[in-house]
Amino acid sequence: MQFQHGGYCINILDTPGHQDFSEDTYRTLMAADSAVMVIDGAKGVEPQTRKLFRVCALRHIPIFTFINKMDRETRDPLELCEEVERELGIDTYAVNWPIGCGKEFQGVYDREKQCIIHFTDAGHAKKAGVTEIALDDPALVELIGQKRRDSLADEIELLGAGREFDLDAVRNGTLSPVFFGSALTNFGVEPFLNAFLEMTTPPLPRVSDAGEVDVYSPEFSAFVFKIQANMNKAHRDRLAFMRICSGRFERDTEYFHVQSGRKMRLSQPQTMMAAEREIVDEAYAGDIIGVFDPGIFSIGDTITVPGKKFKFGGIPTFAPEHFARVSAKDSMKRKQFLKGTEQIAQEGAIQIFKVPNSGMEEVIVGVVGTLQFDVFQYRMKAEYGVDLRMQQLPYEQLRFITKAPVTDLKDLYLSTDAELLEDYRGRSLLVFASQWSINFILKRNPGLELAETAQ
C-alpha cells in the first residue's frame, strides 16, 4: 500500500497477524526501512512479536511502538513499556502518555508539545473527536477531573526522570519511541504518523557484493523479496514483488536479471492495495512493485540495468517450528504434487525437505505458523487438484549444518528425537524435538556447528 501524507510518500508492507504468521512475514521485514510494532494494550508483547523483533534487530532498523486499543481495558502503561524493554532488549521513550483506559480513556499527553490531546468518544463514528489543551489550563480539570489531572502530573514527572530522547538511537534501532492510541477510532494515528515521518530515515542504502548501493544512484536496482502464484486464478499468474533500492524504474524499459544473466522488459509493473491492482509507469527507491514472473525469479534475486552484475545480499531462510510428513493420496497425481509443493515453497509460504538420497514422492513440510498447513492443503486441492495425506511430526527446532566433523553426515551420532534432512537446494540440516536434543547432539559430536538461518 502506498499513500501520501504531509508531503511524503509512504509505502506500507502489512505483515499477517499472529494466527496466519508465516516465514513470508520475516521476508517482508527484510524489505522495510522501519518497523511499526503494534501492541495490544491488554495482551502486551506476544510470542511472534519477539521473533519479528529479532529480524529487525539483525538489520538495526528503526522500531516504533504503537500501543493500541486504549479505548478498551488495558494493562498499566508503565508495565507495558517495561515489558517491551525486558522482553525485546530495547530501550523505550514514551512520546505521549495515556490518560486512563477503557471507558475512562480521556486522551494522551504530548510530551514534546506539553499539551493534552483530549479524546472524545464518538460512538460508532470512524474518528474520535480531539481537543488540545495545556496541562496548566484551568479548563483541564473540568475535562478530566482534579484526581485524574493530579495523577497525570505525577506520571509526567516520573517519566521526566527516565531516559532522554535520542534521535540517533532511534535510527540505529536501540531506542523505540512509544505511542498510545486507538486505531479503531483513529485516535492518535495522525500524531503518530507525523512523529514517525520526523524521526524515521529515508530509504536506506543496501549492501551488495560490489559494496553499498546508494539510493540516490541514477542507475536502477532492486531485489525480489516475495513471490505469489495464482493471485488471479483465471490466468494462473505469478507475481514477483520487488523492493527498489536505487534509481528510477520506468515501464517497458529493458533491465537485467543478474541470476539468470537475461535481459527483460518489465511491461506491466503493478502496485497493490488489497485485491486492487494499478499499473505504474515509474517508481523510485523505497517503492514496492509487482511484476509478472514467467518462472525465472527466486526470492533474493537482483534486477539491475544492463551492464551491472552485482548481487544484493541474500534473504535469510528462517527455521520453521512445525513439521509434517506429506504425500499425495492419489499416486497418479505425482506430477501435480511435485509442481504444487515446489511452487508454493518458492513463494516462501512453506519449506520442503526430504530424507537424503530419497525421491520427492513424500516430503517433509516445515512452517512457521500452524495455519500454513491448512493454507497449503487448501491451495494444493484448489489450485493443483491434489488431496494430501499429512502426518504431524514432533519436531520443533531446525538447524542448518555449517560444519561437520565427519565426511558422511549419516555417521553423525543422533538421538531418537532428531533426524537428518536436506532442503530443496541440497543443504543439509537437522530437525529436533527439543532444545535438549540440540545440546545433546552437539555434545556427542565435537566439531559439529549449527546455525538457525541460512542464506
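Given an 8 Å cut-off on Cα distances and at least 6 residues of separation, report the relative contact order of the chain as a percent. Walk me through the intermediate numbers first.
On the way: 907 pairs, mean separation 56.3, N = 455.
Relative CO of the chain lands at 12 percent.
Rounded, prolate or oblate: which fits segment 59-192, taking a ≥ b ≥ c as square roots of the Cα gyration tensor eigenvalues, rounded meaning a/c under 1.5, else prolate when a/b beats b/c?
Working: a/c = 1.88, a/b = 1.46, b/c = 1.29.
Taking the square roots of the gyration eigenvalues as a ≥ b ≥ c, segment 59-192 is prolate.
What value, in deg cm²/dmol to 500, does the helix sum -39500 (n - 2.57) over DSSP H runs of n ≥ 4 give at 222 nm once divided by the residues of the chain?
When only DSSP H runs of four or more count, the value is -7000 deg cm²/dmol.
Taking the dipole about the Cα centre of the chain, with the C-beta of Lys and Arg at +1 and of Asp and Glu at -1, give me whichever of 306, 11, 34 is farthest to the positive side.
306
Kindly rank 41-48, 141-148 from highest to lowest mean number of other beta carbons found within 10 Å of each residue.
Numbers: 41-48: 16.1, 141-148: 13.8.
The densest-packed peptide leads the list: 41-48, 141-148.
Please give me, ordered by residue number, the GluC sites (Glu not before Pro) of segment 313-378 that lie in loop per DSSP and have at most 14 other Cβ atoms within 10 Å. Please report the intermediate quantities before stating the final value.
On the way: sites: 321, 342, 347, 361, 362; in loops: 321, 361.
When the GluC sites (Glu not before Pro) of segment 313-378 are filtered for loop state and at most 14 Cβ neighbours within 10 Å, 361 remain.
For 370, 65, what ranking results if the residue with the fewest other Cβ atoms within 10 Å of its Cβ goes first? Don't jump to the answer; show the numbers that get you there.
Numbers: 370 14, 65 24.
Result, fewest neighbours first: 370, 65.
So how strong a dipole does the chain carry about its Cα centre when Lys and Arg Cβ are +1 and Asp and Glu Cβ are -1, to the nearest 20 debye? Walk me through the numbers on the way to the answer.
Numbers: 52 positive and 66 negative charges, 443 e Å.
Rounded to the nearest 20 debye, it is 2120 debye.
What's the exposure ranking of 1, 30, 70, going from fewest to most Cβ atoms within 10 Å?
So the ranking, lowest neighbour count to highest, is 1, 30, 70.
Show which lysines lie in cross-link reach of residue 263 when reach means a straight Cα distance below 24 angstrom and same-chain residues fewer than eight apart are skipped.
Cross-link targets: 226, 308, 309, 311.
Every read-out reported here was derived from the displayed coordinates using simple, explicitly stated rules and does not represent laboratory data. Just so it is clear, the model here is predicted, and its values are computed rather than measured. We place every Cβ from the backbone using ideal geometry, glycine too, and count neighbours over all the protein chains shown.
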